[in-house]
1. Test of understanding: among B:L401, B:L462, B:L411, B:L440, which residue is surrounded by fewer than 24 Cβ atoms within 10 Å (Cβ to Cβ) and under 17 Å from B:A259 (Cα atoms)?
2. If you go through the stretch B:293-309 one residue at a time, do you hit one that is part of a helix (DSSP H, G or I), surrounded by 15 or more Cβ atoms within 10 Å (Cβ to Cβ) and of a type in the set (D, E)?
3. Checking the condition within 14 Å of chain A (Cβ to nearest Cβ) and closer than 30 Å to C:S21 by Cβ, which residue from C:A152, C:A68, C:A173, C:A86 passes?
4. For B:V416, state whether it is buried (at least 20 other Cβ atoms within 10 Å of the Cβ), assigned by TED's automatic domain parsing to the domain that holds B:F294 and in contact (Cβ under 8 Å) with a residue 40 or more places away in the chain.
5. Being surrounded by 18 or more Cβ atoms within 10 Å (Cβ to Cβ) and not in a strand (DSSP E or B) is the filter here; which residues of the stretch C:230-247 pass it?
6. Provide a single number: the residues in the stretch B:95-119 that are closer than 21 Å to B:P30 by Cβ, among the aliphatic types (A, V, I, L, M) and within 42 Å of the chain's Cα centre (by Cα).
7. Which condition number does C:T81 fail, the rest of (1) outside any loop (DSSP other than H, G, I, E, B); (2) within 24 Å of A:L250 (Cβ to Cβ); (3) within 14 Å of another protein chain (Cβ to nearest Cβ) being met?
8. List pairs: first in the stretch C:132-152 and under 16 Å from C:G118 (Cβ atoms), second outside any helix (DSSP H, G or I), Cβ under 8 Å, 6+ apart or cross-chain?
Amino acid sequence: MLTMRFLKLIEGRGLVFLAVLTGLMLLVPIGNLAFPPGSPFHVSTGTVVLLGKYLTYAMLAVALDLAWGYCGILSLGHGAFFALGGYAMGMYLMRQIGTRGVYGHPVLPDFMVFLNYKELPMTWWGFDFFPYAMMMVLLAPGLLAFVFGWLAFRSRVTGVYLSIITQALTYALFLAFFRNDMGFGGNNGLTDFKDILGFNVQAQGTRVTLFVLTCLALMGTFIVARVIVSSTYGKVLIAIRDAESRTRFLGYRVEHYKLVVFVLSAMIAGVAGALYVPQVGIINPSEFSPANSIEAVVWVAVGGRGTLVGAALGAFVVNYMKTFFTTGWLASYWLFALGGLFVLVTLAMPKGILGLYDQLRGKFSKPATEPGREAA
Amino acid sequence: MRILALLRGIGLALCLALVALPAAAQDARPLPDEIVTRFLADSFGDTEAAIGAVAASGAPQAADMLQALGDRRLFISASAKGLFYRDGAGKGFDARTGQPADVPADASAVRLNNRLRGVVQAALGTLTLLSPDPVQRLRAAESVFKSRDPAALPAIEQALARETNARIRNVFEEARAAIIIADTKAPEASRMAAASRIAETGDQDGLALLRQLSAQATGNLKSVIESSIQTIERRQQIRQAGQTVWFGISLGSVLLLAAIGLAITFGVMGVINMAHGEMVMIGAYVTFMTQEVFRARFPHLLDWSLPIAIPLAFIITGLVGVLIERGVIRFLYGRPLETLLATFGVSLILQQAVRSWFGPTNREVSAPSYMSGSFEFIGLQITYGRLWIVVFTLVVFFALLLLLKATPLGLQMRAVTQNRRMAASMGIRTRFVDAMTFGLGSGIAGIAGVALSQIDNVSPNLGQNYIIDSFMVVVFGGVGNLWGTLISAFTLGIANKLLEPFAGAVLGKIIILVLLILFIQKRPRGLFALKGRAVEQ
Amino acid sequence: MSTQTPGAGLTSAILYLDGVSVSFDGFKAIRGLSLTLEQGEMRAIIGPNGAGKTTMMDIITGKTRPDAGDVLFDGGRIDLTRYDEAAIAELGIGRKFQKPTVFESHSVADNVLLALKGRRGPFSALFGARNRVKPDEIDAILDKVRLLKHRARPAGDLSHGQKQWLEIAMLLAQDPKLLLVDEPVAGMTDAETEATAELLKEINRDHSVIVVEHDMHFVRALQCKVTCLHEGSVLSEGTIDAVASDKRVIEVYLGR
């Protein structure tokens, strides 16, 4: 009974998605650990890290899609939540360096010694304790989203106005984190990590483990998001997206609904950021750059907003393109491609890749497969 | 263009007024033989008399001679019965005529004792105080102010009597007052008068002097000095405030300039154009290219490249704007979020196009002569560049206002944005008006780029620095309200500069952003919001 | 929800407007409007464009705050000007818009589901009773408005008239004490218009209803008291025949 309900909840496309993720989660580690370099089945550690990075981006995209695709909140500041989660994790990793830093100070990270800090700033207290750091991964973006959303939604800031002030928010943080006296490492950010929970972050085993954890986190995120959007709550979100004032006249407190989804989405973004940092080995203020947040929006748009699978797929596709472009002679054309993608998606395929797929399938198979229906 | 000529005229007149000097005798006049004889006598008494005579002679080489004397480079030659000196580079001159000449082999340096050294210095001071060059006179007076050497008093008095330039007179008077007030032997009444004189026009140096003296002074003098200190401090505070407001206005005009175009495309049309900053950037590059062409072809007209770049930038960015509108935006009317994304894509493409074309590095746009330099206005240092930008911004603003309110195109624009279908049925070509409106907004952004090329680095990233600020300005002012944009830009500019002394530039900016975010929460429609049913649509 | 009693005893009416005024940028949309609707009454509001009909609805439902005047609900017990849209909907006022607004990407049944009476907080929507609604309840309502066979279709695919009915169905699901119905028969055929009038009369059996409409045949079919608004205040009130023969009403409709 429960399995049936689960299957119904996830729907066909979601099941394919979960199956692919499970496959990745099993095959990539095997390819990396069991096959020696040179073997055709070998997956290099670099590829593991790259895929892991894509997966955290996919999580960010799913989070953004919950807010934008389902509730119409186009946040141009989700990169900030991602970065805050990343910084929380980065702070834990910095504290784990201990005396192995260049200056060998037992408590203060290198950059603080360099900047003549005498003691650890209060913002850093407790970050050597892993559960506390993990709590902050959720709380820092969650609280920011709560305060910001509470103010914004209550005063009914909607549409582009909201987008613009979310962009201003991430821009303000961007400027702030560049400052040395914020105590977060200034423009160098946090890097040179050594251990996570006692395991060397550089070690192959740790990297593979992080990859598996990221796969699990993405699957978890997807299932949670799927449960949310198929509940009545999800239906109300869509109602708000399509006719906000009508929803209000039905007696729904639109601001509460938005706030819940916004905070939840920010927290998921924070977790994605926290998984991102140990894999790439650095977090710096450029993660707050407004362009990063907009780029995340285009992932969702490319994959198909309002479809969770689409958001994740979009993150994968666009980032694969980015890697492909920026590592070769095409590097200087990447921004042309990305810019063109923005224009193309909005003009030619407003429902993204998945929408296009549905349209094509609709055309060639029997007509009228319930057009306009929400896909998984 | 006529204006420009007029401006140059004014500038020239200003320069002349500054340089106008008391016509001093420049003709070569040989020193009287008597002076040479006295030096040849080689006694300290005669030398002292000779020094006085040299200073009083008014000969053009007098200053060089005295300088040489002080440095033991003035020589007497018994064989040639003459007086010679070498300049700092070792070149020889005949002191009597001031013409180059070989210094004879038997020449020996004129001897000085410490007292005479003082006399030489004082004579030199007097000489420069009387110099025909106003810059030298000014510098001499300032050094007297600093040294407060009572020996220089007669020279100052003498110079003051001859001085006609008001600005230099002022410095002379201050210097005289400084000597008197610092002279403990001077009568108290005149010292008090001197303190008041310093209070009248004194600046930081005067303040330092008075503070130093107030510690030693007693009685009436002390109280006069203290009130003088307060006078100067108050004046400095006012000046500081004035300066802050000016900087704020200057920043505000930059914000306004960057935002005006957006006030059209976003405010009037409701189009979220994330490529707005790139329009500004293109305008700046048009300026750069115009200047390069002038530099290569018509170097003597280089100063004209900026005025000529204005219409060019307007036309080129306007065309780019029309292309964007026709190619992208028109498919997205009524879908603001999609417009936002598509135009962001356009902005990436434009940035990269400029980067591939011109390279990623900063390009240099030089300031024309009428925009460099600065002047003082009631104690405020105002650079011509900033002043022109403020004036230019206001001109653009009011021209735009006029265009919207008083021309058929403006009327049609407002008609289309208020009720598209109605306008269409009245025979207005709405698509054409859309394109023109967007082109206008973009063109104005391009004009902004011309001005901003003067104060910012011309690089592919130029636009990104302005886009968020511009949106904040428009939203804060109230969308669709040009006056709101004006007030908002200047408010934000001044607020930013007020915060800067306490918080620093970056933190100040962050604080402003946070305040703006909070403000928009409180009043989502900005300072001057339109009310009513139409807004909801 | 605390129920103030600002006007208790003042009136027993379900809706009581007195001296209500509102202006937008100097334009007086409503000036000194007074109107009383008794419990269980049905009232038709007519008036030329710009008479203030929609603005009056906006004031009652909390979308617009009046500059002056009393807006009391439920026997004078509740001052509506203190609440926002969601709270007023919870208090029991439902509204159908002039332009039919249904949730286009939801199915017809989901539209009704969202409107159903019950708790409306985000957490109850996530885990609560609204996720366990019996389809019968929805089907019964859809049957009333003849949309049962369309229950699975996306609401965006419905015809204009069907959307109007779906909105009425949503009002029924909401089960409010007072229904505000703005131009329910715009774009309907004569037969549909007649059916709608019957439906509204049926609804009126246990709800108070205000209908704004231009269509005089429809208003006549409703067989209720009529109020004519003009320039933001009441011009004439009474039976349809009395209002229709009022000289001032004829003047504003035909021009002077």
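The values are calculated or read from the model by the stated rules, or taken from the named source; none is laboratory data. Since the structure is predicted, the reported quantities are computational estimates derived from the model, not experimental observations. Note: ideal-geometry Cβ built from the backbone for every residue, glycine included; neighbour counts use all protein chains shown.
1. Working: B:L462 fails: surrounded by fewer than 24 Cβ atoms within 10 Å (Cβ to Cβ); B:L411 fails: under 17 Å from B:A259 (Cα atoms); B:L440 fails: surrounded by fewer than 24 Cβ atoms within 10 Å (Cβ to Cβ).
After ruling out the rest, the residue left standing is B:L401.
2. Yes; the residues of the stretch B:293-309 include at least one that is part of a helix (DSSP H, G or I), surrounded by 15 or more Cβ atoms within 10 Å (Cβ to Cβ) and of a type in the set (D, E).
3. Details: C:A152 fails: closer than 30 Å to C:S21 by Cβ; C:A68 fails: within 14 Å of chain A (Cβ to nearest Cβ); C:A173 fails: closer than 30 Å to C:S21 by Cβ.
The match here is C:A86.
4. Values: buried (at least 20 other Cβ atoms within 10 Å of the Cβ): yes; assigned by TED's automatic domain parsing to the domain that holds B:F294: yes; in contact (Cβ under 8 Å) with a residue 40 or more places away in the chain: no.
No, not satisfied.
5. Within the stretch C:230-247, C:G232, C:I240, C:V243, C:A244 qualify.
6. So in the stretch B:95-119, the residues closer than 21 Å to B:P30 by Cβ come out as B:95-104, B:107, B:110.
The next check asks that each one be among the aliphatic types (A, V, I, L, M); those that pass are B:95, B:101, B:103, B:107, B:110.
From what is left, the residues that are within 42 Å of the chain's Cα centre (by Cα) are none.
Matching residues across the stretch B:95-119 total 0.
7. Of (1) outside any loop (DSSP other than H, G, I, E, B); (2) within 24 Å of A:L250 (Cβ to Cβ); (3) within 14 Å of another protein chain (Cβ to nearest Cβ), only one is false for C:T81: (3).
8. Filtered contacts from the stretch C:132-152: C:V133/C:L116; C:E137/C:L116; C:I138/C:L116; C:I138/C:R151.
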